[in-house]
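Below: the structure, in structure tokens.
The values are calculated or read from the model by the stated rules, or taken from the named source; none is laboratory data. Computed from a predicted structure; not experimentally measured. A quick note on method: Cβ atoms are made from the backbone with ideal geometry, for glycine too, and the neighbour counts reach across all protein chains shown. The protein model used for the area step is the full one, side chains on, heavy atoms only, and it has no ligands, DNA or RNA in it. Shrake-Rupley method; radii C 1.70, N 1.55, O 1.52, S 1.80 Å.
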Amino acid sequence: MHHIVAPSILSADFARLGEAILMIDSSEAEWIHVDVMDGRFVPNITIGPPVVAAIRPLTKKQLDVHLMIDQPEKFIDAFHKAGADHLTVHLEASPHLHRTIHAIKDTGMKAGIAINPHTPVTLLEDILADVDIICLMSVNPGWGGQQFIPHTYSKIKKLKLLIQSTGSKALIEVDGGVSPANAAQILSAGADVLVAGNSVFSSPEPAKTISALRRIDINTIPA
Ligand code: DX5
Ligand code: ZN
């Protein structure tokens, strides 16, 4: 399978959000990553279901909603009704993760689990078979434009082995500090999905940066 690029609208100009969605819609990205923050689980506040509902009619791309919120189970129906295709919750915010994952899947959405940089991938072992996406945070969540944490490479490799050994079909998504400069190394480690906010939206031609991320071919990189 070729890897997926998921531009994060967190770094878009929110006064021109519709234009950003249309740009992604006509780009080579497959998913649009939407960061939801509550000022409790993370020290920042962003957007919620009304904004997801507003962008839904503008694109057929998959809306990949990343909940950085406490008690995410309370908002499953709201994001489903708003038009989310994927709903990802944090392991650290979910004491009843198995129940929450199945509640997400029962709506028809794909279910994801995100883990913070300090959380070991081994904690996912008994839920991997139930889940569609694992989002490895490669920065501490809260803001766009942070530096990629290099320890993430070894987490990707470990998680890939764990996924293979459990027969899970979960995709590995890497979120935070991803750019065309480190994307090849992230993909070589075993990632399936690249989330990129700042590197896309701070570039002079965001659609070209999306293409650059999409066209990285790890088979052509010398060992
Ligand atoms: C961080 C968010 C990320 C963020 C990534 O808390 O979860 O999705 O938008 O942005 P960059 O690519 O700028 O690190
Ligand atoms: Zn995110």
With LYS110, LYS160, LYS169 as the choices, which residue is more than 16 Å from ligand 1 (Cβ to nearest atom), open to solvent by 10 Å² or more (accessible area, probe 1.4 Å) and out of contact with any strand residue (DSSP E or B) (no Cβ under 9 Å at 6 or more places or on another chain)? LYS169
Pairs please, first residue from the range 160-182 and in contact (Cβ under 8 Å) with a residue 24 or more places away in the chain, second anywhere and open to solvent by 30 Å² or more (accessible area, probe 1.4 Å) and of a type in the set (Lys, Arg), Cβ atoms under 6 Å, 6+ apart in sequence or on different chains. none
Could you say which residue among LYS169, LYS105, LYS158 is assigned to a loop (DSSP other than H, G, I, E, B), more than 16 Å from ligand 2 (Cβ to nearest atom) and not small (Gly, Ala, Ser)? LYS169
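Taking the residues in the range 60-69 that are open to solvent by 20 Å² or more (accessible area, probe 1.4 Å) and charged (D, E, K, R) as candidates, determine which candidate is nearest to ligand 1 (Cβ to nearest atom).
LYS61
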Note on ASP126: of the conditions (1) more than 16 Å from ligand 1 (Cβ to nearest atom); (2) outside any loop (DSSP other than H, G, I, E, B), unmet is (2)
Selection within the range 138-152 - in contact (Cβ under 8 Å) with a residue 24 or more places away in the chain and either surrounded by fewer than 19 Cβ atoms within 10 Å (Cβ to Cβ) or in contact with a Ser or Thr (Cβ under 8 Å, 6 or more places away or on another chain) (or both): SER138, ASN140, GLY142, TRP143, GLY144, GLY145, GLN146, GLN147, PHE148, ILE149, HIS151, THR152
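Restricting to the range 1-47, and then to whatever is among the hydrophobic types (A, V, I, L, M, F, W, C), part of a helix (DSSP H, G or I) and open to solvent by 60 Å² or more (accessible area, probe 1.4 Å), can you tell me which residue is farthest from ARG215 (Cα to Cα)?
Here is the first cut: in the range 1-47, the residues among the hydrophobic types (A, V, I, L, M, F, W, C) are 1, 4-6, 9-10, 12, 14-15, 17, 20-24, 29, 31-32, 34, 36-37, 41-42, 45, 47.
Right, trim to part of a helix (DSSP H, G or I) and you get 9-10, 14-15, 17, 20-24.
From what's left, open to solvent by 60 Å² or more (accessible area, probe 1.4 Å): 14-15, 22.
Details: PHE14: 28, ALA15: 30, LEU22: 20 Å.
The residue in question is ALA15.
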In the list PRO72, PRO57, PRO50, PRO95, which residue meets the criterion of being within 23 Å of MET137 (Cα to Cα), at pLDDT 95 or above and open to solvent by 10 Å² or more (accessible area, probe 1.4 Å)? PRO95
Restricting the range 184-220 to residues that are of a type in the set (Gly, Ala, Ser), surrounded by 23 or more Cβ atoms within 10 Å (Cβ to Cβ) and within 18 Å of CYS135 (Cα to Cα), which is nearest to ligand 2 (Cβ to nearest atom)? GLY197
How about the range 76-102: which of its residues are assigned to a helix (DSSP H, G or I) and over 19 Å from LEU171 (Cα atoms)? ILE76, ASP77, ALA78, PHE79, HIS80, LYS81, ALA82, GLU92, ALA93, ARG99
With the structure loaded, tell me whether ILE133 is under 13 Å from the mean Cα position of the chain (by Cα), open to solvent by less than 60 Å² (accessible area, probe 1.4 Å), away from ligand 1 (no atom under 11 Å from the Cβ) and among the β-branched types (Val, Ile, Thr) or whether it fails that test. yes
